[in-house]
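A short worksheet on the structure shown next.
Laboratory data are not the source of any read-out in this text; all were calculated from the coordinates shown. Here the structure is a predicted model, which means the values were calculated and not measured. Neighbour counts are summed over all protein chains in view; Cβ atoms, including those assigned to glycine, are modelled from backbone coordinates with ideal geometry.
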Amino acid sequence: MTSISQHAALSDAFRDETPWDVGDDGDTLHEECGIFGVIGARSASSVVALGLHALQHRGQEAVGITSFDGGEFFSHRGIGHVAHVFKNQDIFADLPGMMASGHVRYSTTGGSGLRNIQPLFADLADGGFSIAHNGNISNAMTLKRDLVHKGSIFQSTSDTEVIIHLVATSRYPTLLDRFVDALRLIEGAYALICTTPAGMIACRDPLGIRPLVMGRIGSSVVFASETVALDVVGADFEREVEPGELLVVDHNGVISSHRPFGDPAPRPCIFEQVYFSRPDSILGGQSVYQSRRQIGVELAKEAPADADLVVPVPDSGVPAAIGYAAESGIPFELGIIRSHYVGRTFIQPGDSKRHAEVKRKHNANRALVAGKRIVLIDDSIVRGTTSLKIVQMMRDAGASEVHMRIASPPTDHSCFYGVDTPERSKLLAARMDLEAMADYIQADSLAFVSIDGLYRAVGQQDRNAKCPQFCDACFTGEYPTQLTDYDADAVAGETEA
Ligand code: SF4
């Protein structure tokens, strides 16, 4: 039986600035987690910390690392950014071993207490078992009720803990069989990195909704949510973990691949291309930056505007604005400057506080926009409050016309697969038609890229309506899995304005 040494820290984080735009004014979508693991590396825990730092945009509320030294598991977890929770180098001496895994968390499924910070850990019949999860299990509550009824005692309120209890209570003879047995019972989206005394298991749900890639540093094997984390730790990209694939790596670096779910058509999250992933990552063989630039090209073809300048809402609107400018021939200019010293802000209730956050973060480049007709490019509209303030900011700076162009289709459904979206009744596109939305944000015109335009930008000919190549449920309402825990009303949402 293995045991675990745990350290927990409440850091003074939330003051730091992260490497990519993580603006949190309550009007942006948030990826909820990033995961990273390495096996066969000296100082594995410090490699994981570096990898997690590159994934910080996927979750800023909490971080944890678990390591294994061949006999014991060790863990350090804390609330805050990676750089704060792991700022003291001595921490890594308490996380020894050549295998480690980690997790950054945006929270909210189950709340943000220390007990929910991952990797979660349990002592099972075969020894220690840690799990780091990106995604959301859409039947976790139903499974948990059944497990509690049978005697399971939960330590956290995280949906991920359901997997541990399912593994613990499965009757199959080997850990791998019990793990697969558990996965067969869960619905929803998951990319997982698990560690056991025998090695590491990395897997994706059968549809591959959430991303996971594999790389190598020499003979060490690395798994990460995005290729950018491989770049940062000096690992060579090897391949994606395929949808529905389990990769098992032992301490000698021997890898076995298992496909227990057959071969369903993949449905990776298309919003990773639009917004969540870093633009320097490669997803599905395509550069995220190029995808975003191409969305701008499609947008310019579908929704041209008579204007003097193309202005991105920084930072996430920049690649699409470059594409829009290239296709339209209208000059690209930085008409909005983003402060890089606005710390992490808490989600604040009430629109007036959200408005204040927008002003702290962005400022109009008045000398540039005064008297000009502006095409403003942003990645998405969620509640609409940010768009309204940015349009007002352009007008206050003297812009004569403001034409808003959005590099995704209207977001009119909530995500149940690990992305924090407001309930449907709060989504502007679920409440209003295009004209009403343009009035609400006070733009002279408003247009979104079409769903087919988005598919073309990410390398497809068009959306295959019978069998879509991606999960695009937040644009179409076509959820690719069962949503057992959510009744039809919650999915359909209340949409009166
Ligand atoms: S619903 Fe939207 S954000 Fe959620 S997984 Fe599907 S495409 Fe991604």
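Before moving on, here are some points about what is shown:
- Volume of the convex hull of region 30-266 (Cα atoms only), normalised per residue: 110 Å³.
- Relative contact order %, the chain, counting alpha carbon pairs below 8 Å whose residues are six or more apart: 15
- Modelled spin labels at Glu423 and Arg216, positioned 7 Å past Cα toward Cβ, are 5.1 nm from each other.
- Segment Thr484-Asp123, length gained on full extension (0.36 nm per residue, minus Cα span): 127.0 nm
- In this structure, the pairs whose alpha-carbon distance is over 29 Å, taken from Lys361/Lys426; Lys301/Lys466; Lys301/Lys372; Lys87/Lys389, are Lys87/Lys389.
- Highest average packing first - 217-223, 478-484, 77-83, Cβ atoms within 10 Å: 77-83, 217-223, 478-484
- Mean separation of Cα contacts under 8 Å, 6 or more apart, over the residue count of region 392-495: relative contact order %: 34
- Whole-angstrom Cα spans of the chain along principal axes, big to small: 72, 48, 40
- On Cα atoms only, tilt of 318-328 relative to the major axis of the chain in degrees: 40
- Across region 120-272, the mean sequence separation of Cα contacts (distance under 8 Å, 6 or more residues apart), normalised by length, yields a relative contact order of 20 percent.
- Note on Arg239/Arg360: beta-carbon distance plugged into 1/(1 + (r/R0)^6) with R0 of 35 Å gives a FRET efficiency of 0.25.
- Fewest-first ordering of His133, His251 by other beta carbons within 10 Å of each residue's beta carbon gives His251, His133.
- Computed packing ranks the peptides 119-128, 182-191, 372-381, 147-156 as 372-381, 182-191, 119-128, 147-156, most packed first, by mean other Cβ atoms within 10 Å.
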